[in-house]
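Participant: Pasting in a structure now, in structure tokens, and then I'll have a few things to ask.
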Amino acid sequence: MNNLSLFLVVLLAGVILVIAGLGIAILLAPKSFNLQKGEPYECGIPTRGTSWMQFKVGYYLYAILYLMFDVETIFLFPWSTVVRSLGYVGLYSILFFIIILGLGLAYAWRKGVLKWS
């Protein structure tokens, strides 16, 4: 079996399993039609006023920076397990990766994104 046919078998099996799981869940799930189920749930307390409110963009910038460094950590763990077999090419590639992320942090710092005001 070559790589393409193996890939297609795995892809087809994944699609079939997902569709089967969703189908079984739809068939076996209890069905109850109630108007309260369509309302937004917030700790049992009915909402007052509108649900739309503005947030400062700083919250989103912190979240994006957190995700950026979280993804960096996710990439560093597998790299650290095979660093000896990669040799200098692996070391230089991860150093390039860290330098790019460092430049992104320096840019955000310079623009004042990290100032909480």
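Since every read-out is calculated from the coordinates, none of them should be taken as a lab result. Note that the coordinates shown come from a computational prediction; the quantities given were computed from them, not determined experimentally. Because the Cβ atoms are built from the backbone with ideal geometry, glycine has one as well, and the counts that use them run over all protein chains shown.
Participant: Quickly run through the range 81-95 and pick out the residues that are surrounded by 10 or more Cβ atoms within 10 Å (Cβ to Cβ) and not aliphatic (A, V, I, L, M).
Facilitator: Within the range 81-95, 90, 92, 93 qualify.
Participant: Find all pairs meeting these conditions: Cβ atoms under 9 angstrom apart; at least six residues apart or on different chains; first residue within the range 74-88 and more than 20 Å from residue 101 (Cα to Cα); second residue of a type in the set (Phe, Trp, Tyr).
Facilitator: The qualifying pairs are 86/79.
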